1. Taking Val83 and the conditions (1) at pLDDT 85 or above; (2) in a helix (DSSP H, G or I), which numbered condition does it fall short on, given that it satisfies the others?
2. Does at least one position in the stretch 87-96 carry a residue that is on the phi > 0 side of the Ramachandran plot and out of contact with any His (no Cβ under 8 Å at 6 or more places or on another chain)?
3. Taking the stated definitions as given, is Thr37 surrounded by 11 or more Cβ atoms within 10 Å (Cβ to Cβ), modelled with pLDDT under 65 and β-branched (Val, Ile, Thr)?
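The values are calculated or read from the model by the stated rules, or taken from the named source; none is laboratory data. Just so it is clear, the structure is predicted and the values come from calculations on it, not from any experiment. Reconstructed Cβ throughout: ideal geometry from the backbone, glycine too, with neighbour counts over all protein chains shown.
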Amino acid sequence: MIVIILGVLILIVLGAVIWTAFDGPRNAGSNAGGENTQIAPDHLSLGLPSPDCVIEQARTDGGRLTVITGGPASLPDCRRVFVIQLSSGRIQAEIRL
């Protein structure tokens, strides 16, 4: 009887370890505890003129996301810089290059 109980306890502990490894805290990672841990907006449209426009660079700094876009030379409107507030998901600034 004790062997069965110990076996069940071992299975529960192993299950908890596996559960934590695959479905652990959502804020774990390189930014855990940092200032850039806000939840990203569900939908953000940059309003680029063509599907050929691409994101060339994106970085976070001080609660803001800076996105630099570009595209083929035939589409100069693709060259833009966006500054997005992470807490609200709103575009604070848009600069056409």
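1. Exception for Val83: condition (2).
2. Within the stretch 87-96, the subset on the phi > 0 side of the Ramachandran plot is 89.
Okay, now just the ones that are also out of contact with any His (no Cβ under 8 Å at 6 or more places or on another chain), so 89.
There is at least one residue in the stretch 87-96 that is on the phi > 0 side of the Ramachandran plot and out of contact with any His (no Cβ under 8 Å at 6 or more places or on another chain).
3. On the way: surrounded by 11 or more Cβ atoms within 10 Å (Cβ to Cβ): yes; modelled with pLDDT under 65: yes; β-branched (Val, Ile, Thr): yes.
Yes: the conditions hold for Thr37.
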